[in-house]
Amino acid sequence: MRAGTKPDHGAGPDSARPTGLTHVGPRGDVRMVDVGDKAVTDREAVATGEIMMNPEALRLIRSGAVKKGDPLQAAKLAGIMAAKQTASLIPLCHPLALSHVSVELTPTRQGYRIAARVRTSGQTGVEMEALTAVSVAALTIYDMVKAVDKAMVIGEICLLEKRGGKSGEYIRANASVGRRDPRSSRGVDSAGRPSRSRSGNSRKRS
């Protein structure tokens with residue numbers, strides 16, 4: 001460095017390069033996106049996930065013998081509450097007035113499939129609210145049954161659908177992930193029994 005030359009900290013070739021991520025500024029700093037100029041539209045998102053457990057844990061849940069109470073009802077309430085608190089949990093999410101939150105649990109052969117649907121009319125989407133609802137619902141089941149099975153597995157958490165906003169509609173290509181037992185090539189019915197395969201089972205979307 002020549003005498004009298006000041007070092008340039010942070011002015012490298014990539015320091016001002018756009019990232020394409022709305023929560024990241026041109027110099028890599030995180031930021032909350034300003035949605036003030038966005039149109040208010042109806043927004044909806046559907047997320048799904050799963051929790052798998054051992055046969056004893058399943059038996060206790062399905063026979064109503066869990067000492068802490070009903071894990072499924074607790075999980076539904078926890079998921080709804082979590083969706084409403086998403087902005088407090090995820091730093092850059094906007095607080096939203098949600099018009100609808102539902103959490104459904106469907107039995108599989110090795111646990112439960114969890115689905116959350118969230119709606120609002122606003123300037124940003126509710127994908128994070130749906131994903132948070134699924135995650136916390138699964139964690140609630142784990143908490144209530146962990147005395148019996150500490151090896152429970154939570155996974156396959158993903159966004160299935162979203163609607164509204166500038167980007168429009170999104171439907172996950174393999175949306176059947178939310179309707180099948182991940183450890184089986186066959187589907188399961190509402191009681192967790194393997195379902196019979198039928199032709200034309202997949203639905204076409206326009």
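For residues in region 27-64 being among the hydroxyl-bearing types (S, T, Y) and surrounded by fewer than 19 Cβ atoms within 10 Å (Cβ to Cβ), which is modelled with the highest pLDDT?
Restricting to residues being among the hydroxyl-bearing types (S, T, Y) and surrounded by fewer than 19 Cβ atoms within 10 Å (Cβ to Cβ), the top hit is S63.
Say we look at region 89-98 and pick out the residues that are within 13 Å of A130 (Cα to Cα) and without any contact (Cβ under 8 Å) to a residue 40 or more places away in the chain; which of these is surrounded by the most Cβ atoms within 10 Å (Cβ to Cβ)?
L96
Residue check: is S184 among the polar types (S, T, N, Q) and either in contact with a strand residue (DSSP E or B) (Cβ under 6 Å, 6 or more places away or on another chain) or modelled with pLDDT of 50 or more (or both)?
no
Does at least one position in region 65-77 carry a residue that is part of a strand (DSSP E or B) and at pLDDT 95 or above?
No, every residue in region 65-77 fails to be part of a strand (DSSP E or B) and at pLDDT 95 or above.
The values are calculated or read from the model by the stated rules, or taken from the named source; none is laboratory data. Being a predicted model, the structure only gives us computed values, none of them experimental. With ideal geometry, Cβ positions are generated from the backbone for all residues, glycine too; neighbour counts draw on all protein chains shown.
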